[in-house]
Every structure is written in C-alpha cells, then in structure tokens.
Amino acid sequence: MRFDRDVRGEWIVDPNELAAKLGITLRLLQDERNLGLVHTRVDAGHGGNEGRSRVTVRCRVATWRGVFDEQGRLINERRFRADQPPDGVIW
C-alpha cells in the first residue's frame, strides 16, 4: 500500500486497498464516507519518527493505522476493533 500526494499536497489512497485494510467492503466504505462516518487523521512524526507520517482511519466497525515513510511507503500497520480506540498507542 502507498499513500501519495495530489497537486495540493493532500494524501490520496486507493479506496479498494483502504477498505481491505479496514476489513470491510468497498461499498461499505463508500456508504460510511457518504454518511460522514469515516474519519482520517494524519500526524507528522517527531524525533525518531521525523519524516514519517502516521495515518489513522476510523469508521464504525474498525480503525486502521499505518505509518508511512517519506516516499509514502507503508512501513508499519495495525487494525483495531471499533471498541478498541488506538489513542493509547505510543508515537
């Protein structure tokens, strides 16, 4: 999986790949997005994580978090259940 940036510098990802990472169908991901139920957060790394980005995507059934290097390559990932918020994970 890769994250790339568009001409405005916004992160973009293949929705089929994201749905698979969340463990849901593309249709469910699209439905949840259209209802405003998909939330994405991108955090820039600091210190030992300088140059990396941590991307967290939440929907009603799951949360997925991936860490990407400067070129947008996925280097670490984890999926969480909806009732297991990832906020306690050290960054």
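Values quoted throughout were computed directly from the atomic coordinates according to the rules given, and no laboratory measurement underlies them. Given the structure is predicted, the values throughout are model-derived calculations rather than measurements. Using ideal geometry, Cβ is built from the backbone for each residue, glycine included, and neighbour counts are taken over all protein chains shown.
Structural remarks
- Verdict on Asp4 being charged (D, E, K, R), more than 10 Å from the chain's Cα centre (by Cα) and over 16 Å from Asn76 (Cβ atoms): yes
- Selected residue (only one of Glu32, Glu77 is in contact with a strand residue (DSSP E or B) (Cβ under 7 Å, 6 or more places away or on another chain) and of a type in the set (Asp, Glu)): Glu77
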